[in-house]
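Asker: This structure is in structure tokens; I'll ask about it shortly.
The values are calculated or read from the model by the stated rules, or taken from the named source; none is laboratory data. What you see is a predicted model; the values in this text were computed from it and never measured. All Cβ positions, glycine included, derive from the backbone under ideal geometry; neighbour counts span all protein chains shown. Heavy atoms of the whole protein, side chains included, go into the accessibility calculation; ligands, DNA and RNA do not. Shrake-Rupley method; radii C 1.70, N 1.55, O 1.52, S 1.80 Å.
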Amino acid sequence: MSAPPLAKLDVLAKRLLEGAQLKTHKYFRIAVPHALTGQSLVALVAEKGYAEDEAEAVHMASLLLQHGYLFPVIEHASTVRDDGTLYRLQRPYFWPSHATHTDNVEYAIYLNKRLLRNEQKNTVLKRKKLAELLAHMWGFITQQAEMQLKHQKEKKKADKVVYDSEERAFWRMRKPGASNSLEEHVGKTERKIRKPTTQAYRNLVDRLKFSLKTKPWLKALKASDTMVTWVDQRVDYDPFLTAPQPSNPWLTDDTGFWTLNTDTVEIPTERRVKRWGLSVQELVKDPIGRQVLETFLESDRTDPGRVPGSGAPAQVNVDSRTLDQTLDCLRKATTPSQRRHAFYHSEEHVFTLMAKDSYPRFVRSQIYKGVLSAAQQQGTRRLGWRNFVFNMGVTKKPLGSKQQKAVREEAAAALPKQLSSDSLPVRQAHAVKIDPE
């Protein structure tokens, strides 16, 4: 039975045996039967192993080579070369998943066969060491070697050459005492595993309880959902996923995209206004968005330019902890750079409150809906953005000339002609000495 780590290699090796076209090659006037080149081997592995590219096919072929499913005929190497090097597929009898155990007796029989053929001189030394180790059964080993050699002589010359190379390649990698790239056999690992004890079961229960308590899979699932939602919301604003309108100025000579998205444009685009509804960060980083938000806060009686603490010209309420931190920063501030960041904690607190309270109401307000409608209508006379900002989008009866003039004067006084960053009103709030209550 194949070990689980080798099961996939067995399937791939079987596909190679079924699809390989083995033939005789010439190597310096020597005929090499039942072989294929490295180029053919890599192409076959890419086809049968569904490799994505040539590098992956070479890697998969090298794994087969290192585990003994194929071997080089002439030049021995640990990796497969994508060239004219000749390789031969190993027969299933010598696969590592089938030959799971090799002992000294089988290796001694192989050395005796080689000694009878007078192939190598060092075979005699190896044979003497094994003869001393296996002296009690050396007669059986010699008899088995002679029988196998006699049976092999009955085969054809090409078959004998192929079988001899396969057997030599197998014992080159699997001979007893030699290191190889194969993992330790699963049978040896199972014998080393001790029987579970009471403490082992207790540790397992503790780990399971901890997993149920933390629920890491739920956190990962929630994070994945959040990421998917975030990407879905911003897919229309990613130039790699959605083509910019009217065109991408980096690819064409048309600069209309930059013109429509400048800070001084009178009417923002529909896509730009819709982006304000994604998050408060998207709103405040847009100069026109900040201007519209400030108009909403003024109409909502929420002035953003306030200072914490009693006695300030424009007071805003913060919690006691934030107030103490702000006062401590003011007392310790001795340089302009330190005074610059003295209100950091208050700014964070006010921004958090605005993100949780004011921003949701802004998105639902008629002012935001009016600017969005004006962007969709592209500033027509009937539905201009100023009409929605100051009249809250309510359809009214036609006004007379004097009333229209009064409304226009009121609108001009309340909001600049253009929604630009230069037209933002600058408020200078001077904090006075604050006596905490």
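Asker: When only residues in region 73-94 that are open to solvent by 60 Å² or more (accessible area, probe 1.4 Å) and among the acidic types (Asp, Glu) count, which is nearest to Glu106 (Cα to Cα)?
Answerer: Ranking the qualifying residues of region 73-94, first place goes to Glu75.
Asker: Val42 is checked against (1) at pLDDT 85 or above; (2) open to solvent by 90 Å² or more (accessible area, probe 1.4 Å) and fails just one. What number does that condition carry?
Answerer: Exception for Val42: condition (2).
Asker: Moving on to the next point. With the checklist (1) at pLDDT below 80; (2) part of a loop (DSSP other than H, G, I, E, B); (3) open to solvent by less than 70 Å² (accessible area, probe 1.4 Å); (4) charged (D, E, K, R) in hand, flag the one item Glu184 doesn't pass.
Answerer: (3)
Asker: Related question: Hey, any hits in region 60-73 for a residue that's in a loop (DSSP other than H, G, I, E, B), in contact with a Pro (Cβ under 7 Å, 6 or more places away or on another chain) and within 17 Å of Glu167 (Cα to Cα)?
Answerer: Yes, region 60-73 contains a residue that is in a loop (DSSP other than H, G, I, E, B), in contact with a Pro (Cβ under 7 Å, 6 or more places away or on another chain) and within 17 Å of Glu167 (Cα to Cα).
Asker: Out of everything in region 18-38 that is assigned to a helix (DSSP H, G or I) and farther than 13 Å from Arg88 by Cα, what residue ends up being least open to solvent (accessible area, probe 1.4 Å)?
Answerer: Ranking the qualifying residues of region 18-38, first place goes to Gly19.
Asker: Determine the pairs where a residue that is in contact (Cβ under 8 Å) with a residue 60 or more places away in the chain and under 20 Å from Lys160 (Cβ atoms), located within region 17-46, has a partner that is assigned to a strand (DSSP E or B) and open to solvent by 70 Å² or more (accessible area, probe 1.4 Å) with Cβ atoms under 7 Å apart, the partner being 6 or more residues away or on another chain.
Answerer: Taking only residues 6 or more apart or on different chains, the pairs are Leu22/His34; Pro33/Thr24.
Asker: Looking only at residues that are modelled with pLDDT under 85 and either in a loop (DSSP other than H, G, I, E, B) or within 30 Å of the chain's Cα centre (by Cα) (or both) in region 270-301, which one is nearest to Gln366 (Cα to Cα)?
Answerer: Checking each candidate, the answer is Asp300.
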